[in-house]
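Working notes for the structure below.
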């Protein structure tokens, strides 16, 4: 990880860092631009990441505003409802996304969740392009199961940076993202529910107001103060003791 | 449609539940301010106030003008506020209600209470006076703009030095800072604002953050000086609050005003020390100060 | 100087002959304008205010989709004051009063019954002689009652002052009720509005310097004044109600 080079906008990529795969074509991820014939230039400031198995290369960077991408999981706020849709908002100062009334687990014309304006839902983005309204769903279209999506009741929402949200969503946050906070909290005996939205919002619920706040604040501080693994361990243990 | 989301239902419920358990989201006490940081610029009359993530920059300027005909002895003192899109995207466009109320509150607290001795700004009656202008720029908005702005203006006014002046017959000469030491403004008292936010009819919070402000049912701003004189009260509608609670707020306000005055006093002193180069050394020299 | 404080301490009478806790004469009528949904005309001494209410009508809900918006318009006639002066809409004092009235009634009316609609309150000041904001609030309450918009209780307002100015630290200063223009110019005063004659203060505005110790007395007198005003307004509404019943319009 430490060896990953830092790129600034306009930096040309050294061909040596590119992954070399015998058969697959090279895939360029976010933040990189191919200038024919064979130079690759960074368009953002961030850390270069490579994946040899997939023969992919991209730049991991922290942007201010969330740009919706299909299949991202987000925490959306219901704005209002119409006959067939809920209009939900996923970030400040952006137009509303559409969430069909029936795209909840087990929802039918007769029974479907009633959501008041301001209610939170954990949803997946199904359509994101520049010409049409964003579309969301709270049920998997293929299996009909919610897979953990749906209305979020109780709890509290905390804002984090987009990079932090991505780190929290990594399959192995400890190895890939230097993030052991949640695992340590769980290991130390703190019980809580958490939902991470790619739009930089984290929903936390636990048995008491104090512990929810403590967990939320800890996630925010890890993000803002850049706590390293060791510090995360210490703070998680200390907090688990306090709230139990 | 530029629009702020505002707190969701879950956040509201959680916040109210937390208030019942006497906890605030940022784990402050109900009557506690966030950390106040006050800095001064290199020039005189520039103050930079930070209360948590709220940041307000104030700049004082003076110029010689002719006074208004109905007030020949008074130097005009104007306060302008600018809430630009920098502080929050919702502020773009025409002046919002927040901005008008902020300007009006500052005016009531500072101008109507006679904080600045405007008669001391007179050079020649009816002909020439110093006009003082305070420009308040909100750089970042995380609640409690009024208290931050008021502290900023008062601190900047106390820090400001206008050019020394000399009147010879009908002529007014204003010296630059290099020619003569500047003159501090004559302030009669130092009023500061404390804003209280009300929830559920009885919970009173001091120094609300932006999200706490969005969820409040009513608010009351009390302007006071450290001598216990109330300069201004503004509870402009909102949910009704018991009269007894409002009176207790005014007592609490005095405590905060005393504390803020102390912070201001200390910072002004530190700044004065920093600027004082020591008696004889302050004389202009031909040496370049930047070369050690 | 308009108020001779020395004469007050001798006879305990104010310049217009009132005692400290006396209101000026308040007369009011409701349903004065047939074209509006609700209207009122209120006099507090020489302060004269007209109010009309239109709505709730369609459109609005911009702040909150589940509630009615309240729009307030305030016009102060050029001839209403001592010197003829036009007060523009951009005037900060006017916009402060407008936003005060708006936010007071937003938390008093059951606006949640009228989602996505607007209630217009239009106020005209015909003559000013102190306690302007109080008169505006009282007139609005009457017009809103006339318009039949449900509210928690009456919002009634009055002003209270203190007999000596802030500079003299006079412990024997008496609080005064319901100030006129000359007293407002001379003395520290506050405007207070309460909900239904209770101790629940909905508006409290003070723009002058006063010793913190004197606040309690002033507030107590102001709140008491609101109770008296509430009785008077209640009588006005009841009187009007009787007439309506008599004429069989209901």
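With B:80, B:65 as the choices, which residue is within 14 Å of chain C (Cβ to nearest Cβ) and modelled with pLDDT of 90 or more? Give the steps one after another, and end with the answer.
Details: B:65 fails: within 14 Å of chain C (Cβ to nearest Cβ).
B:80 is the lone residue from the list that is within 14 Å of chain C (Cβ to nearest Cβ) and modelled with pLDDT of 90 or more.
Would you check which residues across the range C:208-224 are in a strand (DSSP E or B) and either surrounded by fewer than 22 Cβ atoms within 10 Å (Cβ to Cβ) or within 15 Å of the chain's Cα centre (by Cα) (or both) and list them?
The answer is C:211, and nothing else.
Can you list the helices (runs of 4 or more DSSP H) lying wholly within the range A:151-215 that have 3 or more residues being within 16 Å of the chain's Cα centre (by Cα)?
It comes to A:162-169, A:173-177.
When you go through (1) more than 14 Å from chain C (Cβ to nearest Cβ); (2) out of contact with any strand residue (DSSP E or B) (no Cβ under 8 Å at 6 or more places or on another chain) one by one for residue B:200, which number turns out not to apply?
That leaves (1) as the condition not met.
Select from the range A:200-211 the residues that are surrounded by 16 or more Cβ atoms within 10 Å (Cβ to Cβ) and touching a helix residue (DSSP H, G or I) at 6+ places or on another chain (Cβ under 7 Å) and write down the one among them that is nearest to the other protein chains (Cβ to nearest Cβ).
A:209
Can you name every one of the strands (runs of 3 or more DSSP E) wholly within the range A:1-91 that holds 3 or more residues which are under 30 Å from residue C:65 (Cβ atoms)?
Here the list reads A:73-81, A:85-89.
Can residue B:41 be described as touching a helix residue (DSSP H, G or I) at 6+ places or on another chain (Cβ under 9 Å) and either within 30 Å of residue B:127 (Cα to Cα) or within 14 Å of chain A (Cβ to nearest Cβ) (or both)?
No, not satisfied.
Give the range B:243-258 a look and list any residue that's loosely packed, with under 15 Cβ neighbours inside 10 Å and out of contact with any helix residue (DSSP H, G or I) (no Cβ under 9 Å at 6 or more places or on another chain), or say none.
B:244, B:248, B:255
Assess whether residue A:103 counts as being assigned to a loop (DSSP other than H, G, I, E, B), under 24 Å from the mean Cα position of the chain (by Cα) and buried (at least 17 other Cβ atoms within 10 Å of the Cβ).
yes
Quick check: is even one residue across the range C:86-102 in contact with a strand residue (DSSP E or B) (Cβ under 8 Å, 6 or more places away or on another chain), more than 10 Å from chain B (Cβ to nearest Cβ) and in contact (Cβ under 8 Å) with a residue 24 or more places away in the chain?
Scanning the range C:86-102 turns up no residue that is in contact with a strand residue (DSSP E or B) (Cβ under 8 Å, 6 or more places away or on another chain), more than 10 Å from chain B (Cβ to nearest Cβ) and in contact (Cβ under 8 Å) with a residue 24 or more places away in the chain.
Take the residues in the range C:53-66 that are closer than 19 Å to residue C:37 by Cα and touching a helix residue (DSSP H, G or I) at 6+ places or on another chain (Cβ under 9 Å), then tell me which one is nearest to the other protein chains (Cβ to nearest Cβ). Even if it seems obvious, please write down each step before you answer.
Narrowing the range C:53-66 to residues closer than 19 Å to residue C:37 by Cα: C:53-60.
Narrowing further to those that are touching a helix residue (DSSP H, G or I) at 6+ places or on another chain (Cβ under 9 Å): C:53, C:56.
Values: C:53: 17, C:56: 19 Å.
Looking at residues that are closer than 19 Å to residue C:37 by Cα and touching a helix residue (DSSP H, G or I) at 6+ places or on another chain (Cβ under 9 Å), I get C:53.
Determine which single condition residue A:70 fails, assuming it passes every other condition in (1) more than 21 Å from residue A:165 (Cβ to Cβ); (2) modelled with pLDDT of 90 or more.
Checking residue A:70 against (1) more than 21 Å from residue A:165 (Cβ to Cβ); (2) modelled with pLDDT of 90 or more, the one that fails is (1).
Here are the criteria: (1) outside any strand (DSSP E or B); (2) at the interface with another protein chain (Cβ under 7 Å from one of its Cβ atoms); (3) within 23 Å of the chain's Cα centre (by Cα). Tell me which single one residue B:252 does not satisfy.
(2)
Take the residues in the range B:108-121 that are at the interface with chain C (Cβ under 7 Å from one of its Cβ atoms) and part of a helix (DSSP H, G or I), then tell me which one is farthest from residue B:183 (Cα to Cα).
That would be B:108.
Looking at the range A:122-143, can you tell me whether even one residue there is within 14 Å of chain B (Cβ to nearest Cβ), out of contact with any strand residue (DSSP E or B) (no Cβ under 8 Å at 6 or more places or on another chain) and either in a helix (DSSP H, G or I) or at pLDDT below 90 (or both)?
No: zero hits.
Please go through the range B:14-30 and pick out each residue that is more than 7 Å from chain A (Cβ to nearest Cβ) and either assigned to a helix (DSSP H, G or I) or under 30 Å from residue B:93 (Cα atoms) (or both).
B:15, B:16, B:19, B:20
Report, by residue number, each residue of the range A:40-90 that is more than 17 Å from the chain's Cα centre (by Cα), under 22 Å from residue A:196 (Cβ atoms) and either free of Cβ contacts under 8 Å to residues at least 24 places away in the same chain or within 14 Å of chain B (Cβ to nearest Cβ) (or both).
A:78, A:79, A:86, A:88
The values are calculated or read from the model by the stated rules, or taken from the named source; none is laboratory data. Please read these numbers as outputs of a predicted model, since none were measured by experiment. Using ideal geometry, Cβ is built from the backbone for each residue, glycine included, and neighbour counts are taken over all protein chains shown.
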